[in-house]
Amino acid sequence: MKVHVLGSAAGGGFPQWNCNCPNCDGLRKGTKRVTARTQSSITVSGDGSNWVLFNASPDILQQIREFPALQPARSLRDTAIRAVFLIDAQIDHTTGLYMLREHRQPHELWCHALVREDLSSGNPLLKVLEHYCGVNWHDVPLQGKGFAMPGVPGLHFNALPLISNAPPYSPHRDHPQPGDNVGVTLTDTASGKRLFYAPGLGEMEPHVWAAMLAADCVLVDGTLWTDDEMIALGASKKTSRAMGHLPQSGPGGMLEWLDQLPASTRKVLIHINNTNPILDEDSPQRQELTRHGIEVSYDGMEIEL
Ligand code: MLT
Ligand code: MN
Ligand code: ZN
């Protein structure tokens, strides 16, 4: 399978329009070794021509322009995006659907029923889209043998519930239900290789850890370095965990977990917040990741499994 990182940043992107944290300010002034990043999305293909889009970020048009494989140009109006999978109903993962409204047929949309509910009520995006191309909704099972997606050959999908958080507009905010956030294992049906993808992961539960252990590559939550990162900067009153993101450092943090994976597992962080010091290639935090064999994803990164 081919995995293409369309957007490696968390909500807000990097630099964030209104932010003057050391990273955002350093990027604008050219004083830090940092690279701009768009918001959280990947696309995956089993055959190199039919792609599933994971999350539709507000930056989707720029992301599609920068990845020509998504525009095969076989007819006047065309796309290689055969299906869209939403891991949650957050703004940074869903707003791009508005930008894809000119589709000639309904989008094949895969998401859990709770995500569909939030996107039909608190943020009625799917209702608005009915006035354009609309969607053909497919429920995402959280148990059992997993599923295939018509039009996306060569890939098998297994979704699992995660503890993260529902969007601020959701009635489930701070009380997430199973299905508000999911992780997914993608298996290449020819090679048997597996990718585990979870850009929002707030707590390591046994079934999540089992999926990570079984993967050849984990592409997981890299939002914040410390639990109190946003509080310390004066940017928010919430800890990383309260927002549904396991921080990298500290006891029980993502680094401790990734260290326990086999050396052969490729470990990559994604959904990186603009405040995170790992974005600075000269930071001690980035060097620590490198020592632990952990990669920081970037826009345009390709992973072949
Ligand atoms: C999150 O990942 O916690 C949200 O996307 C944050 C946001 O929407 O700003
Ligand atoms: Mn997010
Ligand atoms: Zn910033």
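The values are calculated or read from the model by the stated rules, or taken from the named source; none is laboratory data. The model shown is predicted, which means the values in this text are computed figures rather than measured ones. Neighbour counts run over all protein chains shown; Cβ positions are idealised from the backbone, glycine included. Side chains included, ligands, DNA and RNA excluded: accessible areas come from the protein's heavy atoms. Shrake-Rupley method; radii C 1.70, N 1.55, O 1.52, S 1.80 Å.
Worth a mention:
Yes or no, residue by residue, for (1) within 16 Å of ligand 2 (Cβ to nearest atom); (2) open to solvent by 30 Å² or more (accessible area, probe 1.4 Å):
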site: Val84; (1), (2): no, no
site: Gln90; (1), (2): yes, yes
site: Arg104; (1), (2): no, yes
site: Ser120; (1), (2): no, yes
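- Thr189 within 16 Å of ligand 3 (Cβ to nearest atom), polar (S, T, N, Q) and touching a residue at least 60 places away in the same chain (Cβ under 8 Å): no
- Entirely in the range 199-300, the strands (runs of 3 or more DSSP E) that have 3 or more residues that are out of contact with any Cys (no Cβ under 9 Å at 6 or more places or on another chain) and buried (at least 23 other Cβ atoms within 10 Å of the Cβ): 217-221
Here is a yes/no grid of residues against (1) within 14 Å of ligand 1 (Cβ to nearest atom); (2) over 21 Å from Asn165 (Cβ atoms); (3) acidic (Asp, Glu); (4) over 19 Å from the mean Cα position of the chain (by Cα):
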{"residue": "Trp225", "(1), (2), (3), (4)": "no, no, no, no"}
{"residue": "Leu233", "(1), (2), (3), (4)": "no, no, no, yes"}
{"residue": "Thr239", "(1), (2), (3), (4)": "yes, no, no, yes"}
{"residue": "Arg266", "(1), (2), (3), (4)": "no, yes, no, no"}
{"residue": "Asp282", "(1), (2), (3), (4)": "no, yes, yes, yes"}
{"residue": "Leu289", "(1), (2), (3), (4)": "no, yes, no, yes"}
{"residue": "His292", "(1), (2), (3), (4)": "no, yes, no, yes"}
{"residue": "Leu305", "(1), (2), (3), (4)": "no, yes, no, no"}
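- Of residues in the range 137-165 being of a type in the set (Gly, Ala, Ser) and touching a residue at least 60 places away in the same chain (Cβ under 8 Å), the one nearest to Leu195 (Cα to Cα): Gly154
- Residue list for the range 23-33, filter: in contact (Cβ under 8 Å) with a residue 12 or more places away in the chain and surrounded by fewer than 23 Cβ atoms within 10 Å (Cβ to Cβ): Gly26, Leu27, Arg28, Lys32, Arg33
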